Amino acid sequence: MNRENRVLNPNPYGPIKAQDIERLETSLPDRLPQDYREYLLENNGGDFEKSFTTSNTYGDVVHSISELFSLYRGPEHTRLENQWDLSEYFDLQDFKHLTKEYLAFGVTGTGDVFLVRLGKGDVLIYLHDYVDHAPIEGPGGAIFPLAGSFSEFVSNAISQEESLKKAEEIEPGFTARMKRLKKESRFWD
């Protein structure tokens, strides 16, 4: 695991043991990738200091890492064992044969889901409302690659400042609009 992107709040709902992971794996079609297993054992749902990521394929899109699921601890909606199945998470039962190899391990600020492919270990994102020219299509959504492994996903993460700089490069005036929205909104700090 990359130590440059440190975990700010390891084990927010308590630590787990290897037996807990093995119990989850009995309900999965394949084992968890080793680097993701290590993250769960060390941090179980902890947030990273650098919490924004970009796609290897579509580098101009920035996604916030809003929440990483924990195993057997915490509120029901954050428990990995309740949320891992993408076909159930988004009611994609007709596409279960396409989604069974993925484990949902976290969400973005806009409700998209981070996935790790069981067996292979690469990390992807399911964009729940994306419909244009997607590698794998479902009803109103698509899966895109992010990283070759969970460790690479963590290493490639960028800070909020870097994400705002990237957004400004892509869409000039973005930062000014965000500042104006923050000032006008009573919901944002």
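Every number in this text was worked out from the coordinates using simple rules, so none of it is lab data. The structure displayed is predicted, hence computed values, not measured ones. Cβ sites come from the backbone with ideal geometry, for glycine too, and all protein chains shown count toward neighbours.
Below is a table of values for the structure above.
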quantity: Point-to-point label distance, R6-L98, nm (Cα→Cβ direction, 7 Å offset); calculated: 4.2
quantity: Cβ-Cβ FRET estimate between S27 and D47, R0 fixed at 35 Å, reported to 0.05; calculated: 0.85
quantity: Separation in nanometres of the label points that stand 7 Å from Cα toward Cβ, at E184 and Q160; calculated: 2.1
